[in-house]
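Quick one: the structure is below, and I'll ask about it shortly.
The values are calculated or read from the model by the stated rules, or taken from the named source; none is laboratory data. Predicted model, so just to flag it, every value in this text is computed and none were measured. Glycine also receives a Cβ, built like all others from the backbone with ideal geometry; neighbour counts cover every protein chain displayed.
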Amino acid sequence: MRPLFRHLFLPALLTAAIAAWWFQVASWKVFVGTLLIIFIAEQIFPARREWNYGSGVQAVQRFSRDFFYVMVITQLSALIIWFVSRKLEALVPSQGVWPKTVFSVPLAFLVMELCNYAFHRAAHRVPILWRFHATHHVITELTGVKSLRTHPIDNVFFHVVRTVPLMLLGAPAEDIVSATYFGAVLGILSHANLDLAPGALGWFINFPRFHAVHHAIAVKFANFGCHTVVWDRVFRTFDDGSNQPAQLGVATRSQRSVWRELYDAR
């Protein structure tokens, strides 16, 4: 069963996501559904069983922190981003040069990912940006839910950086929303505790084994793509994850409080 799962899970997930997008299923339903599907898969075919919650007091503590981020920090981020989006719509002029073709959504996705890639590299090198991005890197295991362990300010930065260029190019709102929609699905997937076979899709999609390298405690400046590895391949920052890191995180020191994660996780 595991070999079949390794090769078929991602194509099945992508097919379901495309079908949901085609039939205009609400994005929040797809987001929650993706989290649940990946969570169930992680319990059956985990890449590292110790990364799952398990049982006992420590498991409750780990779950509680993730639950806090999902229910409070993620919602706060969504509220701030909604407010910022309204302001951007009023302030950013549309140049109207965006090509209207059947490939407009994939093109929007690639442009968005180029912006994500550039800002992500900067977030690892510029101290003030790293101050917020480090919140995401304190995690010591990868699961789909861990994709939401982020700082609200970091989320806003990424949103502005990837959205404004598309708006300036005249990309319609539906293309931006669609590209963001698929990015959300792939963002959860990249953090999943799953051992998936990249195959041909590994030339494009940011598989969990690729993203684990990015989260290595021995800081490696590789795999900065959030949802795709296309730009990592173009700019030669790609690592295929053949040597999986033993530890993830930012430093080998005691666990931080939630406040410390949000205030100064460095």
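Test R86 against the criterion of being more than 17 Å from the chain's Cα centre (by Cα), modelled with pLDDT under 95, closer than 30 Å to F157 by Cβ and surrounded by 15 or more Cβ atoms within 10 Å (Cβ to Cβ), and give yes or no.
Spelling it out, it is not the case that R86 is more than 17 Å from the chain's Cα centre (by Cα), modelled with pLDDT under 95, closer than 30 Å to F157 by Cβ and surrounded by 15 or more Cβ atoms within 10 Å (Cβ to Cβ).
For the stretch 43-56, what are the residues that are surrounded by fewer than 17 Cβ atoms within 10 Å (Cβ to Cβ), assigned to a helix (DSSP H, G or I) and not polar (S, T, N, Q)?
Result: I44, R49, E50.
Any idea which residue in the stretch 43-73 is nearest to F5 (Cα to Cα), counting only those that are among the hydrophobic types (A, V, I, L, M, F, W, C) and over 19 Å from the mean Cα position of the chain (by Cα)?
So the residue we want is F45.
Further question: In the list A251, A200, which residue meets the criterion of being surrounded by fewer than 18 Cβ atoms within 10 Å (Cβ to Cβ), aliphatic (A, V, I, L, M) and either within 21 Å of D66 (Cβ to Cβ) or touching a strand residue (DSSP E or B) at 6+ places or on another chain (Cβ under 9 Å) (or both)?
When all the criteria are applied, what remains is A251.
Just to verify a result, which residue in the stretch 1-42, among those that are farther than 15 Å from P208 by Cβ and of a type in the set (S, T, N, Q), is surrounded by the fewest Cβ atoms within 10 Å (Cβ to Cβ)?
This residue is Q24.
Just checking, how many residues over the stretch 111-147 are polar (S, T, N, Q), at pLDDT below 95 and buried (at least 17 other Cβ atoms within 10 Å of the Cβ)?
1
Now for a separate question. Name the residue, out of A59, A90, that is out of contact with any Asp or Glu (no Cβ under 6 Å at 6 or more places or on another chain), over 23 Å from A179 (Cβ atoms) and of a type in the set (G, A, S).
Just one listed residue meets the conditions, A59.
Right, another one. I need the full set of residues from the stretch 182-202 which are closer than 23 Å to E50 by Cα and among the β-branched types (V, I, T), in order please.
Result: I188, single match.
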